[in-house]
1. Which links in B:LYS31/B:LYS62; B:LYS130/B:LYS154; B:LYS85/B:LYS126; B:LYS31/B:LYS223 stretch past 21 Å when you go from one Cα to the other?
2. At 1.4 Å probe radius, can you tell me the per residue accessible area of the range B:131-264 in Å²?
3. I'd like the residues of the range B:146-160 whose 1.4 Å-probe accessible area shrinks by no less than 20 Å² going from the isolated chain to the full set of protein chains.
4. With the contact rule set at Cα under 8 Å and sequence spacing of 6 or more, what percent relative contact order holds for chain B?
5. With the Cα gyration tensor of the range A:150-217 giving a ≥ b ≥ c as the square roots of its eigenvalues, does the rule (a/c under 1.5 for rounded; else a/b larger than b/c for prolate; else oblate) give rounded, prolate or oblate?
6. Give the value in nm², to one decimal: projected area of the alpha carbon convex hull of chain A, averaged over all directions.
7. So what's the net charge close to A:ILE70: Lys and Arg +1, Asp and Glu -1, counting the other residues with Cβ under 15 Å from its Cβ?
8. Roll a 1.4 Å probe over the protein chains and send me the accessible area per residue for the range A:1-68 in Å².
Amino acid sequence: MLDIIEKYDILGAFWMTIRLAFFSAIGALVIGTVLAVMRVSPVAILRRLGSFYVNTVRNTPLTLLVFFSIAGPYYILQISLTDVNSPTALVDNGIRWAIVALAVYHAAFVCEALRSGVNTVPLGQAEAARSIGLTFGQSLREVILPQAFRGSIAPLGSVLIALTKNTTVASVIGVAEASLLMSEIIENETASVTVFLVFALGFVVLTLPVGVFFTSLSRRLAVKR
Amino acid sequence: MDDVKPDTAAPSDRTPDTPRDPMVVIDGVNKHFGDLHVLRDINLTVGKGEVVVVLGPSGSGKSTLCRAINRLETIESGTISIDGKALPEEGKPLAQLRADVGMVFQSFNLFAHKTIRDNVTLGPIKVRKKSKADADKQATDLLKRVGVEAQADKYPAQLSGGQQQRVAIARSLAMGPKVMLFDEPTSALDPEMVNEVLDVMVGLAKEGMTMIVVTHEMGFARKAADRVVFMADGQIVEVGTPQEFFTNPKSDRAKDFLGKILTH
(Lines give C-alpha, C1' and ligand atoms only; values in the text may rest on other atoms or scores of the structure.)
Protein backbone atom coordinates (compact mmCIF):
# COMPACT_ATOMS: atom_id res chain seq x y z
CA MET A 1 0.00 0.00 0.00
CA LEU A 2 2.77 2.39 0.96
CA ASP A 3 4.40 2.06 -2.43
CA ILE A 4 1.12 3.02 -4.06
CA ILE A 5 0.92 6.13 -1.94
CA GLU A 6 4.49 6.96 -2.90
CA LYS A 7 3.94 6.23 -6.56
CA TYR A 8 0.76 8.22 -7.05
CA ASP A 9 0.15 11.84 -6.14
CA ILE A 10 -2.88 11.31 -3.94
CA LEU A 11 -2.49 14.64 -2.16
CA GLY A 12 -2.21 16.38 -5.52
CA ALA A 13 -5.45 14.76 -6.64
CA PHE A 14 -7.24 15.90 -3.49
CA TRP A 15 -5.78 19.36 -4.00
CA MET A 16 -7.54 19.40 -7.37
CA THR A 17 -10.76 18.31 -5.64
CA ILE A 18 -10.38 21.21 -3.20
CA ARG A 19 -9.75 23.68 -6.03
CA LEU A 20 -12.78 22.44 -7.96
CA ALA A 21 -14.94 22.67 -4.86
CA PHE A 22 -13.64 26.10 -3.82
CA PHE A 23 -14.07 27.88 -7.13
CA SER A 24 -17.37 26.28 -8.04
CA ALA A 25 -18.68 27.06 -4.54
CA ILE A 26 -17.94 30.74 -5.07
CA GLY A 27 -19.60 30.64 -8.49
CA ALA A 28 -22.61 28.77 -7.11
CA LEU A 29 -23.04 31.28 -4.27
CA VAL A 30 -22.94 34.24 -6.64
CA ILE A 31 -25.27 32.76 -9.27
CA GLY A 32 -27.51 31.28 -6.57
CA THR A 33 -27.90 34.65 -4.82
CA VAL A 34 -28.83 36.32 -8.10
CA LEU A 35 -31.36 33.55 -8.77
CA ALA A 36 -32.82 33.84 -5.27
CA VAL A 37 -33.24 37.61 -5.72
CA MET A 38 -34.96 36.96 -9.04
CA ARG A 39 -37.29 34.42 -7.46
CA VAL A 40 -38.45 36.80 -4.72
CA SER A 41 -38.54 39.92 -6.92
CA PRO A 42 -41.82 41.70 -7.65
CA VAL A 43 -41.16 41.39 -11.40
CA ALA A 44 -43.08 38.40 -12.74
CA ILE A 45 -40.78 37.72 -15.69
CA LEU A 46 -37.71 37.56 -13.42
CA ARG A 47 -39.52 35.21 -11.04
CA ARG A 48 -40.43 32.95 -13.96
CA LEU A 49 -36.91 32.98 -15.38
CA GLY A 50 -35.57 32.12 -11.93
CA SER A 51 -37.87 29.17 -11.42
CA PHE A 52 -37.25 27.99 -14.99
CA TYR A 53 -33.51 27.92 -14.31
CA VAL A 54 -33.89 26.14 -10.99
CA ASN A 55 -36.32 23.53 -12.30
CA THR A 56 -34.31 22.82 -15.42
CA VAL A 57 -30.87 22.63 -13.85
CA ARG A 58 -31.95 20.86 -10.69
CA ASN A 59 -33.58 18.09 -12.70
CA THR A 60 -30.66 17.54 -15.07
CA PRO A 61 -28.13 14.89 -14.02
CA LEU A 62 -24.85 16.55 -13.08
CA THR A 63 -22.90 14.08 -15.22
CA LEU A 64 -24.79 15.30 -18.28
CA LEU A 65 -24.13 18.94 -17.40
CA VAL A 66 -20.42 18.34 -16.91
CA PHE A 67 -20.16 16.30 -20.10
CA PHE A 68 -22.07 18.83 -22.17
CA SER A 69 -20.09 21.73 -20.74
CA ILE A 70 -16.99 20.46 -22.46
CA ALA A 71 -18.66 18.77 -25.43
CA GLY A 72 -20.97 21.65 -26.34
CA PRO A 73 -19.30 25.00 -25.67
CA TYR A 74 -15.69 23.80 -25.97
CA TYR A 75 -15.56 21.14 -28.69
CA ILE A 76 -18.47 22.30 -30.84
CA LEU A 77 -18.69 26.05 -30.25
CA GLN A 78 -14.94 26.34 -29.66
CA ILE A 79 -15.41 28.58 -26.62
CA SER A 80 -12.11 28.25 -24.81
CA LEU A 81 -11.67 29.42 -21.24
CA THR A 82 -7.88 29.46 -21.56
CA ASP A 83 -5.27 30.48 -24.09
CA VAL A 84 -5.92 28.09 -26.99
CA ASN A 85 -2.23 27.86 -27.90
CA SER A 86 -1.00 26.89 -24.45
CA PRO A 87 0.18 23.29 -24.29
CA THR A 88 -2.20 22.51 -21.43
CA ALA A 89 -5.23 24.11 -23.10
CA LEU A 90 -7.25 20.88 -23.12
CA VAL A 91 -6.58 20.00 -19.50
CA ASP A 92 -7.17 23.55 -18.28
CA ASN A 93 -10.38 23.86 -20.24
CA GLY A 94 -11.55 20.60 -18.72
CA ILE A 95 -10.93 21.98 -15.24
CA ARG A 96 -12.56 25.33 -15.92
CA TRP A 97 -15.58 23.95 -17.70
CA ALA A 98 -16.02 21.47 -14.86
CA ILE A 99 -16.01 24.42 -12.44
CA VAL A 100 -18.58 26.22 -14.57
CA ALA A 101 -20.84 23.17 -14.73
CA LEU A 102 -20.53 22.53 -10.98
CA ALA A 103 -21.29 26.18 -10.22
CA VAL A 104 -24.26 26.32 -12.58
CA TYR A 105 -25.69 23.10 -11.17
CA HIS A 106 -25.26 23.91 -7.47
CA ALA A 107 -26.49 27.49 -7.96
CA ALA A 108 -29.98 26.00 -8.24
CA PHE A 109 -29.58 24.41 -4.81
CA VAL A 110 -28.01 27.53 -3.31
CA CYS A 111 -30.99 29.49 -4.64
CA GLU A 112 -33.45 27.15 -2.97
CA ALA A 113 -31.49 27.18 0.30
CA LEU A 114 -31.51 30.99 0.27
CA ARG A 115 -35.17 31.09 -0.62
CA SER A 116 -35.97 28.89 2.35
CA GLY A 117 -33.90 31.37 4.35
CA VAL A 118 -35.96 34.25 2.98
CA ASN A 119 -39.04 32.43 4.21
CA THR A 120 -37.63 32.47 7.76
CA VAL A 121 -37.73 36.29 7.68
CA PRO A 122 -41.13 37.50 8.91
CA LEU A 123 -43.15 39.60 6.46
CA GLY A 124 -43.17 42.44 9.00
CA GLN A 125 -39.43 42.96 8.46
CA ALA A 126 -40.00 43.76 4.79
CA GLU A 127 -42.98 45.97 5.63
CA ALA A 128 -40.97 47.90 8.19
CA ALA A 129 -38.13 48.29 5.68
CA ARG A 130 -40.49 49.60 3.03
CA SER A 131 -42.28 51.89 5.46
CA ILE A 132 -39.09 53.80 6.30
CA GLY A 133 -38.68 54.48 2.59
CA LEU A 134 -36.11 51.86 1.58
CA THR A 135 -36.41 50.83 -2.06
CA PHE A 136 -36.89 47.17 -2.99
CA GLY A 137 -33.15 46.74 -3.56
CA GLN A 138 -32.25 48.46 -0.31
CA SER A 139 -34.69 46.38 1.74
CA LEU A 140 -33.21 43.24 0.22
CA ARG A 141 -29.62 44.30 0.87
CA GLU A 142 -30.07 45.83 4.30
CA VAL A 143 -32.85 43.83 5.88
CA ILE A 144 -34.02 40.69 4.08
CA LEU A 145 -30.87 39.05 2.66
CA PRO A 146 -28.66 39.47 5.77
CA GLN A 147 -31.33 37.67 7.80
CA ALA A 148 -32.04 35.17 5.01
CA PHE A 149 -28.33 34.25 4.80
CA ARG A 150 -28.25 33.56 8.52
CA GLY A 151 -31.38 31.48 8.26
CA SER A 152 -29.97 29.45 5.39
CA ILE A 153 -26.45 28.73 6.68
CA ALA A 154 -27.27 25.16 7.69
CA PRO A 155 -28.87 24.20 4.33
CA LEU A 156 -26.04 26.04 2.52
CA GLY A 157 -23.60 23.82 4.43
CA SER A 158 -25.38 20.75 3.07
CA VAL A 159 -25.17 22.15 -0.45
CA LEU A 160 -21.44 22.76 0.01
CA ILE A 161 -20.84 19.22 1.25
CA ALA A 162 -22.80 17.82 -1.67
CA LEU A 163 -20.78 20.03 -4.01
CA THR A 164 -17.48 18.77 -2.59
CA LYS A 165 -18.49 15.18 -3.22
CA ASN A 166 -19.99 16.00 -6.61
CA THR A 167 -16.60 17.23 -7.83
CA THR A 168 -15.91 13.53 -8.51
CA VAL A 169 -18.21 13.85 -11.52
CA ALA A 170 -15.54 16.05 -13.15
CA SER A 171 -13.62 12.82 -13.75
CA VAL A 172 -15.97 12.06 -16.67
CA ILE A 173 -14.18 14.79 -18.63
CA GLY A 174 -10.76 13.72 -17.41
CA VAL A 175 -10.15 16.26 -14.66
CA ALA A 176 -7.45 14.72 -12.49
CA GLU A 177 -9.22 14.90 -9.16
CA ALA A 178 -9.35 12.32 -6.40
CA SER A 179 -11.87 9.86 -7.82
CA LEU A 180 -10.14 9.70 -11.20
CA LEU A 181 -6.90 8.85 -9.48
CA MET A 182 -8.69 6.17 -7.49
CA SER A 183 -9.98 4.53 -10.69
CA GLU A 184 -6.47 4.75 -12.09
CA ILE A 185 -4.92 3.06 -9.08
CA ILE A 186 -7.58 0.37 -9.07
CA GLU A 187 -6.97 -0.24 -12.75
CA ASN A 188 -3.18 -0.29 -12.58
CA GLU A 189 -2.50 -1.76 -9.16
CA THR A 190 -5.11 -3.41 -7.06
CA ALA A 191 -8.79 -3.13 -6.31
CA SER A 192 -8.21 -3.46 -2.58
CA VAL A 193 -10.50 -2.18 0.12
CA THR A 194 -7.56 -0.16 1.43
CA VAL A 195 -7.42 2.00 -1.68
CA PHE A 196 -11.10 2.69 -1.41
CA LEU A 197 -10.81 3.49 2.28
CA VAL A 198 -7.94 5.93 1.72
CA PHE A 199 -10.03 7.93 -0.73
CA ALA A 200 -13.20 7.68 1.31
CA LEU A 201 -11.27 8.97 4.31
CA GLY A 202 -9.94 11.81 2.18
CA PHE A 203 -13.49 12.98 1.43
CA VAL A 204 -14.55 12.62 5.05
CA VAL A 205 -11.59 14.80 6.05
CA LEU A 206 -12.73 17.41 3.55
CA THR A 207 -16.44 17.45 4.25
CA LEU A 208 -16.75 16.73 7.96
CA PRO A 209 -15.14 20.04 9.03
CA VAL A 210 -17.37 21.87 6.55
CA GLY A 211 -20.43 20.40 8.27
CA VAL A 212 -19.15 21.15 11.76
CA PHE A 213 -18.17 24.68 10.76
CA PHE A 214 -21.53 25.48 9.20
CA THR A 215 -23.50 24.04 12.09
CA SER A 216 -21.62 26.14 14.62
CA LEU A 217 -21.84 29.18 12.34
CA SER A 218 -25.59 28.85 11.99
CA ARG A 219 -25.89 28.62 15.77
CA ARG A 220 -23.67 31.62 16.34
CA LEU A 221 -25.28 33.85 13.75
CA ALA A 222 -28.89 32.82 14.32
CA VAL A 223 -31.16 35.88 14.42
CA LYS A 224 -32.89 36.02 17.78
CA ARG A 225 -36.54 36.98 17.54
CA MET B 1 -35.06 66.14 16.80
CA ASP B 2 -34.39 68.65 19.48
CA ASP B 3 -36.27 68.96 22.67
CA VAL B 4 -38.36 71.78 21.29
CA LYS B 5 -41.35 72.96 23.22
CA PRO B 6 -44.62 72.11 21.58
CA ASP B 7 -45.28 74.74 18.95
CA THR B 8 -48.94 73.98 18.65
CA ALA B 9 -51.50 73.95 21.39
CA ALA B 10 -52.49 70.79 23.19
CA PRO B 11 -55.45 69.03 21.57
CA SER B 12 -57.81 69.99 24.35
CA ASP B 13 -57.17 73.66 23.61
CA ARG B 14 -57.97 73.24 19.94
CA THR B 15 -61.35 74.02 18.58
CA PRO B 16 -62.34 71.06 16.46
CA ASP B 17 -63.92 73.09 13.70
CA THR B 18 -60.84 75.22 12.99
CA PRO B 19 -60.12 74.62 9.31
CA ARG B 20 -56.75 72.96 8.82
CA ASP B 21 -54.75 72.35 5.67
CA PRO B 22 -55.35 68.73 4.70
CA MET B 23 -52.46 66.29 5.25
CA VAL B 24 -54.08 62.98 4.34
CA VAL B 25 -57.05 62.87 1.98
CA ILE B 26 -58.79 59.55 1.47
CA ASP B 27 -61.40 59.75 -1.26
CA GLY B 28 -63.84 57.01 -2.26
CA VAL B 29 -61.53 54.11 -1.37
CA ASN B 30 -62.68 50.53 -1.90
CA LYS B 31 -60.94 47.23 -1.34
CA HIS B 32 -61.90 43.54 -1.26
CA PHE B 33 -60.18 40.56 0.29
CA GLY B 34 -61.73 37.93 -1.93
CA ASP B 35 -65.47 38.16 -1.29
CA LEU B 36 -65.02 40.35 1.77
CA HIS B 37 -65.53 44.04 1.10
CA VAL B 38 -63.02 45.35 3.68
CA LEU B 39 -63.11 49.02 2.71
CA ARG B 40 -66.42 50.43 1.49
CA ASP B 41 -66.25 53.85 -0.09
CA ILE B 42 -64.06 55.41 2.58
CA ASN B 43 -63.83 59.22 2.66
CA LEU B 44 -61.70 60.87 5.30
CA THR B 45 -59.60 64.01 5.48
CA VAL B 46 -57.00 64.40 8.19
CA GLY B 47 -55.68 67.91 8.73
CA LYS B 48 -52.12 68.97 9.48
CA GLY B 49 -51.35 68.47 13.15
CA GLU B 50 -54.56 66.58 13.71
CA VAL B 51 -54.74 63.39 15.79
CA VAL B 52 -57.37 60.97 14.50
CA VAL B 53 -58.10 57.80 16.42
CA VAL B 54 -59.77 55.00 14.48
CA LEU B 55 -61.90 52.72 16.62
CA GLY B 56 -64.01 49.73 15.74
CA PRO B 57 -64.52 46.02 16.27
CA SER B 58 -61.95 43.61 14.85
CA GLY B 59 -62.49 42.92 11.18
CA SER B 60 -63.95 46.37 10.64
CA GLY B 61 -61.17 47.32 8.20
CA LYS B 62 -59.43 49.88 10.39
CA SER B 63 -55.99 48.24 10.15
CA THR B 64 -56.41 47.79 6.40
CA LEU B 65 -57.25 51.48 6.07
CA CYS B 66 -54.18 52.44 8.10
CA ARG B 67 -51.93 50.19 5.98
CA ALA B 68 -53.47 51.50 2.76
CA ILE B 69 -52.30 55.02 3.60
CA ASN B 70 -48.67 54.08 2.91
CA ARG B 71 -49.66 51.47 0.36
CA LEU B 72 -48.70 48.40 2.34
CA GLU B 73 -52.18 47.41 1.15
CA THR B 74 -53.19 48.29 -2.39
CA ILE B 75 -56.61 49.75 -3.05
CA GLU B 76 -58.99 48.95 -5.89
CA SER B 77 -60.67 52.28 -6.43
CA GLY B 78 -60.53 55.78 -5.05
CA THR B 79 -57.51 57.91 -4.25
CA ILE B 80 -55.30 58.56 -1.26
CA SER B 81 -53.08 61.61 -1.20
CA ILE B 82 -50.58 62.78 1.35
CA ASP B 83 -49.68 66.46 1.65
CA GLY B 84 -51.25 67.12 -1.74
CA LYS B 85 -49.47 64.26 -3.53
CA ALA B 86 -51.37 61.18 -4.70
CA LEU B 87 -49.89 57.85 -3.62
CA PRO B 88 -47.59 56.72 -6.46
CA GLU B 89 -47.48 53.20 -7.88
CA GLU B 90 -44.63 50.92 -6.83
CA GLY B 91 -41.08 52.15 -7.34
CA LYS B 92 -38.84 54.99 -6.24
CA PRO B 93 -41.55 57.68 -5.88
CA LEU B 94 -43.50 55.39 -3.55
CA ALA B 95 -40.37 54.75 -1.46
CA GLN B 96 -39.82 58.52 -1.21
CA LEU B 97 -43.38 59.09 -0.10
CA ARG B 98 -43.17 56.32 2.48
CA ALA B 99 -40.09 57.99 3.94
CA ASP B 100 -42.39 60.90 4.87
CA VAL B 101 -45.00 58.63 6.45
CA GLY B 102 -44.01 57.03 9.74
CA MET B 103 -45.52 53.63 10.50
CA VAL B 104 -45.64 51.85 13.83
CA PHE B 105 -46.75 48.22 13.75
CA GLN B 106 -48.54 46.04 16.23
CA SER B 107 -45.63 43.59 16.23
CA PHE B 108 -42.92 46.31 16.39
CA ASN B 109 -41.01 44.83 13.41
CA LEU B 110 -37.62 46.11 14.52
CA PHE B 111 -34.86 44.80 12.25
CA ALA B 112 -33.87 41.70 14.20
CA HIS B 113 -30.25 41.54 12.99
CA LYS B 114 -29.42 45.17 13.77
CA THR B 115 -28.73 46.90 17.06
CA ILE B 116 -31.22 49.41 18.42
CA ARG B 117 -29.04 52.29 17.26
CA ASP B 118 -28.66 50.80 13.77
CA ASN B 119 -32.41 50.31 13.58
CA VAL B 120 -32.88 54.04 14.09
CA THR B 121 -30.03 55.18 11.83
CA LEU B 122 -30.70 52.88 8.85
CA GLY B 123 -33.38 55.07 7.25
CA PRO B 124 -31.62 58.41 7.80
CA ILE B 125 -28.37 57.02 6.34
CA LYS B 126 -29.80 55.09 3.38
CA VAL B 127 -32.80 57.23 2.48
CA ARG B 128 -32.01 60.71 3.78
CA LYS B 129 -28.30 60.31 2.95
CA LYS B 130 -27.17 61.62 6.32
CA SER B 131 -23.63 61.03 7.50
CA LYS B 132 -23.15 58.23 10.01
CA ALA B 133 -22.10 60.74 12.68
CA ASP B 134 -25.19 62.92 12.20
CA ALA B 135 -27.49 59.92 12.16
CA ASP B 136 -25.89 58.52 15.32
CA LYS B 137 -26.29 61.82 17.11
CA GLN B 138 -29.91 62.08 16.05
CA ALA B 139 -30.52 58.46 17.13
CA THR B 140 -29.06 59.16 20.56
CA ASP B 141 -31.38 62.15 20.98
CA LEU B 142 -34.43 60.21 19.82
CA LEU B 143 -33.66 57.18 21.97
CA LYS B 144 -33.24 59.51 24.94
CA ARG B 145 -36.58 61.08 24.14
CA VAL B 146 -38.37 57.71 24.17
CA GLY B 147 -36.35 56.60 27.19
CA VAL B 148 -34.35 53.67 25.83
CA GLU B 149 -30.93 55.29 25.30
CA ALA B 150 -29.34 52.77 27.68
CA GLN B 151 -30.27 49.93 25.31
CA ALA B 152 -28.74 51.46 22.17
CA ASP B 153 -26.19 48.70 21.61
CA LYS B 154 -28.51 45.78 22.32
CA TYR B 155 -30.49 43.76 19.81
CA PRO B 156 -34.29 43.98 19.60
CA ALA B 157 -34.85 40.50 21.09
CA GLN B 158 -33.09 41.65 24.27
CA LEU B 159 -35.65 44.40 24.92
CA SER B 160 -39.12 44.23 26.42
CA GLY B 161 -42.10 44.75 24.16
CA GLY B 162 -42.71 48.25 25.45
CA GLN B 163 -39.08 49.21 24.86
CA GLN B 164 -39.15 47.71 21.37
CA GLN B 165 -42.27 49.66 20.48
CA ARG B 166 -40.73 52.91 21.73
CA VAL B 167 -37.66 52.18 19.58
CA ALA B 168 -40.00 51.59 16.64
CA ILE B 169 -41.50 55.03 17.24
CA ALA B 170 -38.00 56.54 17.39
CA ARG B 171 -37.13 54.77 14.14
CA SER B 172 -40.12 56.38 12.44
CA LEU B 173 -39.41 59.81 13.93
CA ALA B 174 -35.82 59.66 12.67
CA MET B 175 -37.19 60.09 9.15
CA GLY B 176 -38.83 63.40 10.10
CA PRO B 177 -42.26 62.18 8.98
CA LYS B 178 -45.12 64.47 7.99
CA VAL B 179 -47.64 62.03 9.40
CA MET B 180 -47.40 59.01 11.68
CA LEU B 181 -49.56 55.92 11.33
CA PHE B 182 -50.04 53.65 14.33
CA ASP B 183 -51.51 50.22 13.64
CA GLU B 184 -52.66 48.92 17.05
CA PRO B 185 -49.34 49.88 18.65
CA THR B 186 -50.20 48.54 22.10
CA SER B 187 -52.17 45.41 21.23
CA ALA B 188 -49.19 43.05 21.47
CA LEU B 189 -47.93 44.50 24.76
CA ASP B 190 -48.19 43.22 28.29
CA PRO B 191 -50.62 45.46 30.20
CA GLU B 192 -47.94 47.07 32.36
CA MET B 193 -46.07 48.22 29.26
CA VAL B 194 -48.98 49.86 27.49
CA ASN B 195 -48.67 53.19 29.27
CA GLU B 196 -44.99 53.75 28.55
CA VAL B 197 -45.84 53.59 24.84
CA LEU B 198 -49.00 55.67 25.12
CA ASP B 199 -47.08 58.35 27.03
CA VAL B 200 -44.68 58.73 24.12
CA MET B 201 -47.62 58.95 21.73
CA VAL B 202 -49.43 61.56 23.84
CA GLY B 203 -46.19 63.57 23.88
CA LEU B 204 -46.03 63.41 20.09
CA ALA B 205 -49.65 64.51 19.79
CA LYS B 206 -48.97 67.49 22.01
CA GLU B 207 -46.04 68.50 19.85
CA GLY B 208 -48.36 68.79 16.88
CA MET B 209 -47.54 65.62 14.96
CA THR B 210 -50.23 64.55 12.51
CA MET B 211 -51.26 61.11 13.70
CA ILE B 212 -53.66 58.40 12.59
CA VAL B 213 -53.97 55.86 15.36
CA VAL B 214 -55.79 52.54 15.14
CA THR B 215 -56.19 51.39 18.71
CA HIS B 216 -58.38 49.85 21.36
CA GLU B 217 -57.09 52.26 24.00
CA MET B 218 -60.12 54.40 24.80
CA GLY B 219 -58.09 56.35 27.35
CA PHE B 220 -55.70 57.47 24.66
CA ALA B 221 -58.58 58.43 22.39
CA ARG B 222 -60.09 60.61 25.12
CA LYS B 223 -56.79 62.17 26.08
CA ALA B 224 -55.11 62.86 22.76
CA ALA B 225 -57.57 62.59 19.89
CA ASP B 226 -58.96 65.58 18.02
CA ARG B 227 -61.42 63.31 16.27
CA VAL B 228 -62.60 59.77 16.66
CA VAL B 229 -63.48 57.75 13.58
CA PHE B 230 -65.64 54.71 14.24
CA MET B 231 -65.52 51.94 11.65
CA ALA B 232 -67.63 48.81 11.32
CA ASP B 233 -67.91 46.31 8.46
CA GLY B 234 -65.53 48.26 6.26
CA GLN B 235 -67.42 51.53 6.55
CA ILE B 236 -66.89 54.74 8.46
CA VAL B 237 -69.99 54.80 10.62
CA GLU B 238 -69.39 57.83 12.74
CA VAL B 239 -66.91 60.70 13.07
CA GLY B 240 -66.83 63.09 16.00
CA THR B 241 -64.85 64.59 18.82
CA PRO B 242 -63.96 62.11 21.59
CA GLN B 243 -66.33 64.02 23.85
CA GLU B 244 -69.28 63.57 21.47
CA PHE B 245 -68.45 60.02 20.57
CA PHE B 246 -67.98 58.60 24.04
CA THR B 247 -70.80 60.44 25.77
CA ASN B 248 -73.36 60.59 22.99
CA PRO B 249 -72.73 58.13 20.16
CA LYS B 250 -75.26 58.61 17.36
CA SER B 251 -75.27 55.26 15.58
CA ASP B 252 -76.60 52.02 17.06
CA ARG B 253 -73.45 50.22 15.93
CA ALA B 254 -71.29 52.61 17.96
CA LYS B 255 -73.61 52.42 20.98
CA ASP B 256 -73.41 48.63 20.84
CA PHE B 257 -69.58 48.75 20.53
CA LEU B 258 -69.15 51.20 23.39
CA GLY B 259 -71.63 49.26 25.49
CA LYS B 260 -69.51 46.16 25.13
CA ILE B 261 -66.16 47.73 25.96
CA LEU B 262 -67.00 50.43 28.48
CA THR B 263 -68.95 48.25 30.89
CA HIS B 264 -65.74 46.53 31.99
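The values are calculated or read from the model by the stated rules, or taken from the named source; none is laboratory data. All values reported here derive from a predicted model rather than from experimental measurement. Reconstructed Cβ throughout: ideal geometry from the backbone, glycine too, with neighbour counts over all protein chains shown. Heads up: the accessible areas ignore ligands, DNA and RNA and are worked out on the full protein's heavy atoms, side chains in. Shrake-Rupley method; radii C 1.70, N 1.55, O 1.52, S 1.80 Å.
1. On the way: B:LYS31/B:LYS62 12 Å; B:LYS130/B:LYS154 23 Å; B:LYS85/B:LYS126 23 Å; B:LYS31/B:LYS223 32 Å.
Flagged as over cut-off: B:LYS130/B:LYS154; B:LYS85/B:LYS126; B:LYS31/B:LYS223.
2. Values: 5580 Å² over 134 residues.
Each residue of the range B:131-264 exposes 42 Å² on average to a 1.4 Å probe.
3. B:ALA157
4. Taking the mean separation of contacting Cα pairs over the length of chain B, I get 28 percent.
5. The shape class here is oblate.
6. 15.2
7. Cβ neighbours under 15 Å give a net charge of -1.
8. Each residue of the range A:1-68 exposes 60 Å² on average to a 1.4 Å probe.
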